[in-house]
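Following: one structure in structure tokens, then a few remarks.
The values are calculated or read from the model by the stated rules, or taken from the named source; none is laboratory data. Predicted, not measured: the structure shown is a model, and the values here were computed from it. Here Cβ is always computed from backbone atoms with ideal geometry, including for glycine, and neighbour counts include all displayed protein chains.
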There are 2 protein chains.
Amino acid sequence: MLNEYDCWMQKVKIKTNYEIPNIVYSDAKSLVAKQAEKEYCLGIERLLGFSPKIVKKHNNIKNIVLLNSSYASSVKDEFTIKVTENQIHITGSGENGLLYGVFRFLSLLALGKIKNGLELTESPVSPLRMINHWDNFDGSIERGYAGRSIFYKDGDFDYDKTRIEDYARLLASVGINRVSINNVNVRANAKLLIIEEYLKEAKELAAIFRKFGIKLFFSINFGAPWSLGKLPTADPLDPAVAEWWKKRAALIYKYIPDLAGFLVKADSEGEPGPFQYNRTHTDGANILAKALEPFGGEVIWRCFVYNCTQDWRDTKTDRARAAFDHFMPLDGKFDKNVILQIKFGPYDFQVREPVAPLFGALKNTRHVMELQITQEYTGHQIDLCYLPYIWEDIMNFDTIHGENSKIKELLGKKNIEGFAAVVNVGLDNNWTGHTLAQANLYGYGRIAWNPAITAKEIAEEWSVLSFTNPEVPQKVQEILLRSYPAYEKYNAPFGVCFMVSPSNHYGPGIEGYEFSRWGTYHRADKDAIGIDRTPSGTGYTAQYSPKNAAMYADANTCPENIILFFHRLRYDFIMKNGETLLQNIYNIHFEGYDEVLSMIEDWKSLKPLLENQVYESVLARFERQLVNAREWKDQINTYFYRKTGITDNKGRQIYS
Amino acid sequence: MLNEYDCWMQKVKIKTNYEIPNIVYSDAKSLVAKQAEKEYCLGIERLLGFSPKIVKKHNNIKNIVLLNSSYASSVKDEFTIKVTENQIHITGSGENGLLYGVFRFLSLLALGKIKNGLELTESPVSPLRMINHWDNFDGSIERGYAGRSIFYKDGDFDYDKTRIEDYARLLASVGINRVSINNVNVRANAKLLIIEEYLKEAKELAAIFRKFGIKLFFSINFGAPWSLGKLPTADPLDPAVAEWWKKRAALIYKYIPDLAGFLVKADSEGEPGPFQYNRTHTDGANILAKALEPFGGEVIWRCFVYNCTQDWRDTKTDRARAAFDHFMPLDGKFDKNVILQIKFGPYDFQVREPVAPLFGALKNTRHVMELQITQEYTGHQIDLCYLPYIWEDIMNFDTIHGENSKIKELLGKKNIEGFAAVVNVGLDNNWTGHTLAQANLYGYGRIAWNPAITAKEIAEEWSVLSFTNPEVPQKVQEILLRSYPAYEKYNAPFGVCFMVSPSNHYGPGIEGYEFSRWGTYHRADKDAIGIDRTPSGTGYTAQYSPKNAAMYADANTCPENIILFFHRLRYDFIMKNGETLLQNIYNIHFEGYDEVLSMIEDWKSLKPLLENQVYESVLARFERQLVNAREWKDQINTYFYRKTGITDNKGRQIYS
């Protein structure tokens, strides 16, 4: 990795057996197609060290690269790569398809896979492949761990155009086609994004992304007609409010005619929404949808709606039920240009959650799955945590709603239109704080493009593209693939969730949520831990298809990695390995910590093969991770030892 | 209480049987004596509704008030009040004595105690009666619960001169004679307080306080020679550093010739100090003392020094030991103008702590006791918590170092020179947020003046002075006196300390400190709770005089209200009432909550007798207190129930 800033697009001369023609013909006329042509040339310069020659006509030229953006296909964003003895054809079913084809070609070239006879046709499984920014206008980033915002500073747009273009390139190179540019908690100056003064600036930003086939979303504040428009209300059924949104949409689209639409967090964790006017989510979403519809805009409406002022004494309310209870009854009632954004699990990006029961159940409502690339609960980009590992598990989850009902099979069909995810980038030179966390951004794009790709395949691609010394990638892949299980082991055990420090979501805070208003309790006592979510408890399991409901409701068939999400178990519950739950808690925490030690040793073995800056910066993070893993191990083990008085059966040290 | 702003100096016409002469003769020539004369006239106008006539000569005037500020006495700040049939003599052993005499006279007048034949001589027991402000230059106040700073805003001095004069009057009326004007954590612009630009402004502030006999202290940053002076070091033994401080002192005293001195938090919770140069506290304090000595200034050096990066696994280190371990070996090694400021207990203003063992033990070092008026751990001026209740306990603590060794007996002798305390005022109209918290400010002054005064006496004085409707004071006194025991009952039990929310020190956070770096652990497990601080444990008890050490070390003689500070006890430990520790924990929490309910009922009964604003604002706080008390009760009881599985023997509700 010559330069961390370049991520998986390193400026390094590769060797290839196939000689790439140095003449290029392109039919590019449109903006993105022209960018594709430019990206091709930049990529060849980067990887092979020469500048292709662009020709106006290609008759009679034998050795040539042909870029074509207008072949007939009903498949959106499709591309074909065809390599013959003398020619390379990169063809898109439209300008975006060509751009993706060029990037895939460059990637294959860097991976050493371009050879005579190669023929490849690909298209994205998911039409919507979105990045969410939780950047605030003051330059801070909610849950950001890689420096300040790349977009904003001191209450206004303030960015390096070159850097934004580099960012758009990185995103487009893995197929991202939508970016929401501001925090879903729309506060302070972010509320002004939709006034002319700021729209003028947003227009400039949109122009950079547009070249790369990326359209912008704005996060908007549902209370805007009241707070910004000075109307007496933001009631979605008030005609003046509807009119206000229509006029505002017209103004916005005057500046950005291809704006993708609005992203809305409403009635969630204190944000305004239709509930405060006794209206429904459909009322709220549809009024915005109607305002955007004339311009082709869409409304993405987040389903992260739950009672965030729960009384911990209340054992009837179950936050896990909330999204399904709120939105399932509304299935089919949203306008056509409304898309629901549903977090992958019922809680909030915990290390291990079941897949949310809305997936597969929603039949008549467009929706996307929300993942989280920024490592809010997964180590703050201090701890290494390779997220495609868990995403693969999610993709393989079978909702058992009809046939072919795995998440990866439902995607692009049955109304699941793709993904949104909070990104992990900031102004740090390496974009992601932890250099190896670049793999998460890369992996997100790859999975959004094709949910059937495996975590291992992604790790192979990414490590080869990023670490050009051929001795490095194999070990890096192994470290990546071990990192998630390691993190999971030293974290809250067996899907019990929320034992994290409430103040910043890093490090243990085992009882941090026990008496809070957030609805996330484990209720550990001297005998048992966990929430009974079976029909004898909160009944959450019944939100799943019958087979999954039955599987989760029985502690003997419920997957053990998630068993404490569904069941309240005694510490002497015997798990599949014949040991008690308590002993298993001890085991995984010792193992998780040891895994970190072992990953560090593996990383150290790479020292002679790595650029010093990369080696040292990752090592420094590993050392902080070790401190964190030790705290998790010791605090969790001590916590349960204090509760039970039972020691580890292998005699390992637990503090008292 | 006609106006909350006026506190215990209400503008109300009282009735008096004794007719106060309306002619006044004063010998005032000095600044403070003239202010005393002015205060006398203001007070008479406030209480009796007429303006006394000032005469230049008093020969042959039969009915007259005589103010005299120069009677001969070796006792500093002494005053005499003498009431004859026709004359009133208020006489001070100096200008400050006269001012205190005038204020005492006015107070007695309002209390209905001025009558023919009254003769009274008083002087303060403690020479140093200090208020600490933890105000920051940005206008925030560390641990402030009554609005923004009265001194600063946006990084600079910014105050209402009238308000500051009113504040100085309130302080002087209860005998306060020193005020430190900025946070002991000296950061941001507060570091600049000692440059000329800011000194010019501080000079103005000093002038206001000076009229009321109050001298200022500056909190300074020990690293100033380095951070401000750009020297390569702040090492106290570096001659250039000593020289820098001398020059700086000369500059400061050019602007404020009567500055009382510096208040210093060094090597404490991350603040710079001599340790970082491998120097001692004596090195650090004495270098400052030598700089101030030519100007009559003093250095107050805080003893709040402990390891704030403790590993919770480390059971050998005991934070309670720290102040004694650090400072006892230095006894006698400080310069004459150094005064140590020692928190009353070994931790940090917890609801119940033992009195710190340095008191009575230090023989050759000047020191003051630090109390806390602002309710950091005692309810944030949301919960009513009448602090003189606990201060009386502290004053009555017998150190058993020789005879007459109670704190109140040592004060003013044996080097205990008085008190410092973080104040509870801000820009709120009523100064203290909770109107009844004015009693804590009043009470602090009274105890600093005379540590033998009781909490009941203070409550009687304050309530009569503040609530002019004669039916109100009795009930207010009762509520005040019940409030501390109530708060203590629903808080961390039996002196175990630090079960408070770490984020803001309000409300329960039972395991909030268990795995943190602060050195304050209770280590509750399924069988027992508390830290063994006897010789079989950390040995902290041995820091006390032998009799106290023995008393604390034995669970049968240790006072129960502090027993979990000194002992690790099983939940089935039988307490004096014959019930187990666990049952007693349950009992006090139910009782404490019930007390709040009862205090609220009592307050409501006063509704017809109170000004609506006062009634409602206090009631609103009581309602918030009830929520807090309920959380404490339920969380503590649930916590121990989960740990033990043992229910309340009276069948009261504990949540699981």
Only unsatisfied item for A:TYR593, checking (1) at pLDDT 95 or above; (2) part of a loop (DSSP other than H, G, I, E, B); (3) under 29 Å from A:LEU626 (Cα atoms), is (2)
Suppose the filter is assigned to a helix (DSSP H, G or I), closer than 24 Å to A:ILE141 by Cβ and hydroxyl-bearing (Ser, Thr, Tyr); does A:TYR253 pass it? no
Check B:GLY537, B:GLY512, B:GLY519 and return the single one that is in a loop (DSSP other than H, G, I, E, B), at positive phi, small (Gly, Ala, Ser) and not assigned by TED's automatic domain parsing to the domain that holds B:PHE324. B:GLY519
Going by the structure shown, is B:PHE590 surrounded by 14 or more Cβ atoms within 10 Å (Cβ to Cβ), more than 14 Å from chain A (Cβ to nearest Cβ) and over 19 Å from A:PHE515 (Cβ atoms)? no
Would you be able to say whether some residue in the stretch A:312-332 is farther than 23 Å from A:MET551 by Cα, among the acidic types (Asp, Glu) and not in a loop (DSSP other than H, G, I, E, B)? no
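One line per residue, one yes/no per condition, for (1) under 28 Å from the mean Cα position of the chain (by Cα); (2) in a helix (DSSP H, G or I); (3) not charged (D, E, K, R):
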position	(1), (2), (3)
A:TRP8	yes, no, yes
A:ASN17	no, no, yes
A:TYR25	no, no, yes
A:ALA33	yes, yes, yes
A:ALA36	yes, yes, yes
A:PHE50	no, no, yes
A:ASN59	no, no, yes
A:LEU67	no, no, yes
A:HIS89	no, no, yes
Please work out if A:LYS336 is within 14 Å of chain B (Cβ to nearest Cβ) and assigned to a loop (DSSP other than H, G, I, E, B). no
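Yes or no, residue by residue, for (1) in contact with a helix residue (DSSP H, G or I) (Cβ under 9 Å, 6 or more places away or on another chain); (2) surrounded by 24 or more Cβ atoms within 10 Å (Cβ to Cβ):
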residue: B:ASN86; (1), (2): no, no
residue: B:ILE141; (1), (2): no, yes
residue: B:SER149; (1), (2): no, yes
residue: B:GLU165; (1), (2): yes, no
residue: B:VAL184; (1), (2): no, yes
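Condition check ((1) in contact with a Pro (Cβ under 9 Å, 6 or more places away or on another chain); (2) under 23 Å from B:LYS489 (Cβ atoms)) across all residues:
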site	(1), (2)
B:PRO535	no, no
B:TYR540	yes, no
B:GLN543	yes, no
B:PRO546	no, no
B:TYR552	yes, yes
B:THR557	no, yes
B:PHE566	yes, yes
Picking from A:SER617, A:SER656, A:SER605, A:SER598, the residue that is at pLDDT below 95 and farther than 19 Å from A:TYR506 by Cα would be A:SER656
Among the candidates A:ARG652, A:ARG624, which residue alone is part of a loop (DSSP other than H, G, I, E, B), more than 22 Å from A:ARG523 (Cβ to Cβ) and of a type in the set (D, E, K, R)? A:ARG652
Flag for A:ALA190 being modelled with pLDDT under 95 and on the phi < 0 side of the Ramachandran plot: yes
A:ALA206 passes all but one of (1) at pLDDT 95 or above; (2) out of contact with any strand residue (DSSP E or B) (no Cβ under 9 Å at 6 or more places or on another chain); (3) in a helix (DSSP H, G or I); which number fails? (2)
Evaluation of B:GLY402 against (1) modelled with pLDDT under 95; (2) of a type outside the set (D, E, K, R); (3) touching a strand residue (DSSP E or B) at 6+ places or on another chain (Cβ under 8 Å); (4) surrounded by fewer than 23 Cβ atoms within 10 Å (Cβ to Cβ) (one fails), failing number: (3)
Pick from the stretch A:521-569 the residues that are of a type in the set (A, V, I, L, M), within 14 Å of chain B (Cβ to nearest Cβ) and crowded, with 21+ Cβ neighbours inside 10 Å: which of them is nearest to B:LYS526 (Cα to Cα)? A:ALA524
Can you tell me how many residues within the stretch B:358-399 are farther than 24 Å from B:VAL299 by Cβ and touching a Phe, Trp or Tyr at 6+ places or on another chain (Cβ under 9 Å)? 20
Number of positions in the stretch A:1-23 that are buried (at least 22 other Cβ atoms within 10 Å of the Cβ) and within 25 Å of A:LYS62 (Cβ to Cβ): 0
Among the residues of the stretch A:405-423, count how many are under 15 Å from A:LEU362 (Cα atoms) and part of a strand (DSSP E or B). 5
Is it fair to say A:VAL476 is more than 30 Å from A:LEU47 (Cβ to Cβ) and crowded, with 19+ Cβ neighbours inside 10 Å? no
Filter the stretch B:496-514 down to the residues that are of a type outside the set (A, V, I, L, M, F, W, C) and either under 20 Å from A:ARG523 (Cβ atoms) or away from chain A (no Cβ under 13 Å) (or both) and list them by number. B:SER501, B:HIS505, B:TYR506, B:GLY507, B:PRO508, B:GLY509, B:GLU511, B:GLY512, B:GLU514
Kindly list, by first and then second residue, each pair from a residue in the stretch B:209-237 that is farther than 23 Å from B:SER268 by Cα to a residue that is in a helix (DSSP H, G or I) and of a type in the set (Gly, Ala, Ser), limited to pairs with Cβ atoms under 8 Å and residues at least 6 apart or on different chains. B:PHE209/B:ALA168; B:LYS211/B:ALA168; B:PHE212/B:ALA168; B:PHE212/B:ALA172; B:GLY213/B:ALA172; B:ILE214/B:ALA168; B:ILE214/B:ALA172; B:LYS215/B:ALA206
Tally time: how many residues in the stretch B:604-644 are of a type in the set (Ser, Thr, Tyr), surrounded by 14 or more Cβ atoms within 10 Å (Cβ to Cβ) and away from every other protein chain (no Cβ under 14 Å)? 2
The correct count of residues that are under 18 Å from B:ARG129 (Cα atoms) and either in a loop (DSSP other than H, G, I, E, B) or not β-branched (Val, Ile, Thr) (or both) in the stretch B:424-454 is 18
Inspect the stretch B:88-103 for any residue being surrounded by 22 or more Cβ atoms within 10 Å (Cβ to Cβ), under 23 Å from B:THR435 (Cα atoms) and either modelled with pLDDT under 95 or touching a Gly at 6+ places or on another chain (Cβ under 7 Å) (or both) and give the result as yes or no. no
Does B:PRO225 fit the bill of being within 20 Å of B:LEU199 (Cβ to Cβ), out of contact with any strand residue (DSSP E or B) (no Cβ under 8 Å at 6 or more places or on another chain), in the same structural domain as B:ALA420 (by TED's automatic domain parsing) and crowded, with 24+ Cβ neighbours inside 10 Å? yes
When the stretch A:604-621 is examined, which residues are found to be part of a helix (DSSP H, G or I) and within 29 Å of the chain's Cα centre (by Cα)? A:GLN613, A:VAL614, A:TYR615, A:GLU616, A:SER617, A:VAL618, A:LEU619, A:ALA620, A:ARG621
Out of (1) in contact with a Cys (Cβ under 9 Å, 6 or more places away or on another chain); (2) more than 14 Å from chain A (Cβ to nearest Cβ), what's the single condition that is false for B:ARG517? (2)
